[in-house]
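The structure appears right after this line, and notes come after that.
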Amino acid sequence: MLRALSNDAAELDVIVTIADDGREGPAVGDLRRSLLALTDDEVVLAQAFARPLTINRLGRHPLGNLVIRSAAEAFGDLSEAIQWLGEQLGIAGRVLPATAEAVSLIADAGDVLLHGESAIGAATQKIGHLRFSPARPAVPAAVLEAIARAQWVLLAPGSLFTSVLAASAIPDVAEALRTTAARVVWIPNLEPDERETAGMSADDHLAALVRHGVRADAVLYDPAAELHFDADELESRGLIAWPHPLRSEQSGVHDPVLLRAALGEVLVDLERAGAPGAFSK
């Protein structure tokens with residue numbers, strides 16, 4: 001997703017979950033990956049960030065994760081550390097942690113409660129609802145401001161519960177999405193995960209967004225993908241349907257060139273359409 005947008009002239013704010021299993025503080029892997037996706041491939045520091053490093057006490061981690069944690073300790077604030085590292089990498093845009101404090105995920109799966117990103121990601125039970133610990137995590141002001149002043153908000157592909165909803169269903173973030181004047185476009189996955197969303201249809205994915213109060217005005221999807229929609233059904237729910245070829249040769253992965261072209265068409269169309277469409281609750 002970020003590769004498709006990295007050369008765009010628009011101002012880009014990337015909001016990323018830092019939820020972990022509650023043992024090691026904020027998870028920074030998605031922050032590192034987002035920074036690198038927005039960095040030119042020739043930047044030496046970016047190449048170093050991706051290199052794995054083994055430290056006896058800490059185990060094996062990408063160097064970038066250790067640098068992010070060290071910078072956060074030095075600044076005393078993860079958001080400031082990420083902003084500074086983005087400047088050092090020369091990225092266009094900002095990468096923002098979705099919460100201002102460490103947060104853990106809790107999922108209701110039938111009669112079972114799953115605690116932590118790892119357990120939820122490996123779930124074999126059908127997940128009903130995602131909750132957070134603390135229940136209403138503090139959200140950086142920069143995140144809420146970015147959503148409030150955005151022209152478009154894109155809900156990117158990713159693990160439904162441990163990535164997409166882990167960021168967008170946070171109570172204050174979900175409220176900001178419901179009240180923003182921006183158009184909210186959802187780009188669903190091409191196929192379900194082997195575990196976390198095994199057996200879920202595209203409609204099941206959409207139902208999960210609705211169940212968690214996450215707004216969407218339009219859906220950009222590949223009609224030939226395993227997870228696909230009926231355009232008439234989406235429009236009957238007040239959602240704008242945008243079927244478009246998006247798949248790369250690699251199974252389950254969006255092609256950044258096709259995605260960039262499709263987003264260009266969608267955003268132009270939404271701009272012409274005027275006020276945001278209705279959101280079906």
For His254 the rounded accessible area (nearest 10 Å², probe 1.4 Å, non-protein molecules ignored) is 30
Residue-normalised accessible area of the chain, given per residue in Å² at a 1.4 Å probe: 49
Given an 8 Å cut-off on Cα distances and at least 6 residues of separation, report the relative contact order of the chain as a percent. 15
In whole Å and largest first, what semi-axes does the C-alpha gyration tensor of region 151-225 yield when each eigenvalue is scaled by 5 and square-rooted? 21, 14, 9
Taking each pair of distinct Cα atoms in region 72-119 once, what is the resulting Kirkwood hydrodynamic radius in Å? 13.2
Once the Cβ-Cβ distance between Gln151 and Asp111 is put in as r, and R0 is 35 Å, what FRET efficiency do you end up with, to the nearest 0.05? 0.20
Summarise the accessible area of the chain (1.4 Å probe, protein heavy atoms) by the percent that is carbon and sulfur. 50
Ratio for region 140-281, C-alpha Rg to 2.2 N^0.38 Å, reads 0.99
Ordered by number, the GluC sites (Glu not before Pro) in region 176-234 that occupy a DSSP loop and have at most 15 other Cβ atoms within 10 Å are Glu194, Glu226
Evaluate the charge dipole of the chain about its Cα centre and quote only its size in Debye, nearest 20, assuming +1 on the Cβ of each Lys and Arg and -1 on the Cβ of each Asp and Glu. 560
Among the Cα-Cα pairs of the chain, the proportion with separation greater than 30 Å, in percent, is 28
Might you work out the accessible area of Arg260 for me, using a 1.4 Å probe with all protein chains in place, and round it to the nearest 10 Å²? 100
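The values are calculated or read from the model by the stated rules, or taken from the named source; none is laboratory data. From a predicted model like this one, the values you see are computed outputs, not experimental measurements. Neighbour counts are summed over all protein chains in view; Cβ atoms, including those assigned to glycine, are modelled from backbone coordinates with ideal geometry. Only protein heavy atoms, including side chains, enter the accessible area calculation; ligands, DNA and RNA are left aside. Shrake-Rupley method; radii C 1.70, N 1.55, O 1.52, S 1.80 Å.
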